[in-house]
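The values are calculated or read from the model by the stated rules, or taken from the named source; none is laboratory data. Since we're looking at a predicted model, the values are computed, not measured. Quick reminder, even Gly has a Cβ in these numbers, built from the backbone with ideal geometry, and neighbours come from all protein chains shown.
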Amino acid sequence: MTKALQGINLGGWLVLERWITPSVFAGTIANDEWSLGQELGESSMKQKLQQHRDTFITKKDIAWIAEQGFSIVRLPVGYWVFNDRDGFYGSIEYVDLLFAWAEEYGLRVILDLHGAPGSQNGWDHSGKAGLLGWHTQEAYISESLVVLEQLAYRYGADPALYGVEVLNEPRWDIPLKVLLGFYMRAYAVLRSICGGAVKVIVSDSFRLKDMTAGLRAIGLADVIVDSHRYQLFSDEDKWLDFKGHLKKVIMWRREIQQQAKYFPIMIGEWSATLGHSTFTGSLEKEISAMTVEYFRKQQEVFNTEAAIWCYWTYKTEQISPWSYRDQSIFGLK
């Protein structure tokens, strides 16, 4: 039985990632949106961003997503979404477009604060790689709350808004107390503006059990907890054989079941992508079959145990299991 709302991420559109759209970074050594802007300069960067934002996701893409039966799109945005600042360039007009398209095609939107000031994880998809400073200055935390407030005022009454994810993937070594304090403040901001109709979504910070325990301890009950699930970044995952990866999905089922007793669980990012070592010695046909099986096993678990799932990501420039648009990879056509 399927109970999860099914969604898809619009990764690489309003927060750049080099591996998703290498053409945007062509001819540069930049590894994130900020460094690309530094390398190109303001005029060239603005021109490149406009070309990318105008073409990478269009109304036709949203129509296609709706045709596939999805009900949600998760939209990563940076703290610079409203205006040019700190070497980044705003994109709010594209968020407006997405809401209009979503309403037209019957989709709901999750706004996801993917990049925070100071960076909440030090990774490229926070806008600026290398720095993990968000939690070290109250100014950064307060700035994040202001952006959430602005998003709430602009879209809080829009019927297409499903929820707001207050911070994407804060790293596991940010003190839990600091993160929980931010979640409390963000919750208060969103509820005061949006009322109870808009969902407030918080990241588990890669520590689902500890996060749900912490939320319960501070009495923050009315939230959805987002847990991202990948099996290709840790050393352990890189060397698992295929059966080991499937076994881990079953372990995820038990973990999600346990924590779903306390909070709705959202799998806000997941993928059929596995590390190359998993397929060592396998023929191309065997790799394709394993990719389909891995995709379907995860989908089965998330459909029955999660409240929401969103595949990462809608599309990439290069054909790969990261790109849901390349449906033949998953045996969907």
Those residues of region 1-59 which are surrounded by 14 or more Cβ atoms within 10 Å (Cβ to Cβ) and without any contact (Cβ under 8 Å) to a residue 12 or more places away in the chain, in sequence order
Phe25, Glu39
Regarding region 146-164, can at least one residue be identified that is of a type in the set (D, E, K, R), in a loop (DSSP other than H, G, I, E, B), free of Cβ contacts under 8 Å to residues at least 60 places away in the same chain and farther than 20 Å from Ile267 by Cα?
yes
From the residues in region 69-107 that are part of a strand (DSSP E or B) and free of Cβ contacts under 8 Å to residues at least 60 places away in the same chain, which one is surrounded by the fewest Cβ atoms within 10 Å (Cβ to Cβ)?
Arg85
Exactly one of (1) within 18 Å of Glu165 (Cβ to Cβ); (2) more than 19 Å from the chain's Cα centre (by Cα) is unmet by Gln47. Its number?
(1)
Which numbered condition Ala197 misses (of (1) part of a strand (DSSP E or B); (2) modelled with pLDDT under 95; (3) not β-branched (Val, Ile, Thr))
(1)
Filter region 13-56 for residues that are among the small types (Gly, Ala, Ser) and part of a loop (DSSP other than H, G, I, E, B); which is nearest to Asp112 (Cα to Cα)?
Ala30
Residues within region 296-333 that are surrounded by fewer than 20 Cβ atoms within 10 Å (Cβ to Cβ) and either farther than 23 Å from Glu286 by Cβ or charged (D, E, K, R) (or both), tallied
10
